[in-house]
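Novice: Please find one structure pasted underneath; my questions will follow.
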Amino acid sequence: MPVYFIAQVQINDQAGYQAYQEAAAKAPFSGVKVLAMDDKPDVVEGTWAGPKTVILEFETEAKFKEWYHSPAYQAAAAIRWKATKSNVVMVHGLG
């Protein structure tokens, strides 16, 4: 069953966020597909936590955990934590 990484990101340090993107690209990306990346999503209800939204699809929860908990991604995430305020969830897909 697929799972989705969904992030709402408020970028406070553009250079730091760029460094995060470069570091994250080096993390093992097996079984992942970038579904959406939008700097200004159209909020139709409620309050969105950050202007940048990212949605990644992973083939399985195991593939997601392998990527997210990898030393390479955790090093990248540490850069993101300093450069942004982010809300990140893993959501289970259907079927």
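Novice: How about Lys65: which lysines have a C-alpha closer than 27 Å to its C-alpha, ignoring those fewer than 8 places off in the same chain?
Specialist: Those lysines meeting the cut-off are Lys26, Lys33, Lys52, Lys82, Lys85.
Novice: Separate question: Give me the percent of accessible area attributable to carbon and sulfur for segment 1-94, probe 1.4 angstrom.
Specialist: Whole-percent figure for carbon plus sulfur exposure: 57.
Novice: I need to check one value: relative contact order of segment 17-95, counting alpha carbon pairs closer than 8 Å and at least 6 residues apart, in percent. Walk me through the numbers on the way to the answer.
Specialist: Details: 80 pairs, mean separation 32.0, N = 79.
The value is 40 percent.
Novice: Shifting gears a bit: Using a simple spin-label model with points 7 Å from Cα along the Cα→Cβ vector, what separation in nm is obtained for Asp38 and Thr60?
Specialist: For Asp38 paired with Thr60, the spin-label model returns 3.1 nm.
Novice: Still on this structure: Taking the Cα centre of the chain as origin, work out the dipole magnitude from +1 charges on Lys and Arg Cβ and -1 charges on Asp and Glu Cβ, in debye rounded to 20.
Specialist: Details: 9 positive and 10 negative charges, 57 e Å.
Roughly 280 debye, rounded to the nearest 20.
Novice: Which residues does the label zone of Gln74 cover in segment 1-24, counting backbone N under 16 Å from a point 7 Å along Cα→Cβ?
Specialist: Backbone N within reach: 24.
Novice: Take the chain, mark every one of the GluC sites (Glu not before Pro) that falls in a DSSP loop and has at most 15 other Cβ within 10 Å, then report the longest stretch left between them, sites excluded. Write down the numbers at each step before the final one.
Specialist: Numbers: sites that count: Glu45, Glu59.
In the chain, the maximal stretch lacking such sites is 1-44.
The values are calculated or read from the model by the stated rules, or taken from the named source; none is laboratory data. Being a predicted model, the structure only gives us computed values, none of them experimental. For neighbour counting, all protein chains shown are included, and Cβ atoms are generated from backbone atoms with ideal geometry for every residue, glycine included. These area figures cover heavy atoms from the full protein model, side chains too; ligands, DNA and RNA do not enter into them. Shrake-Rupley method; radii C 1.70, N 1.55, O 1.52, S 1.80 Å.
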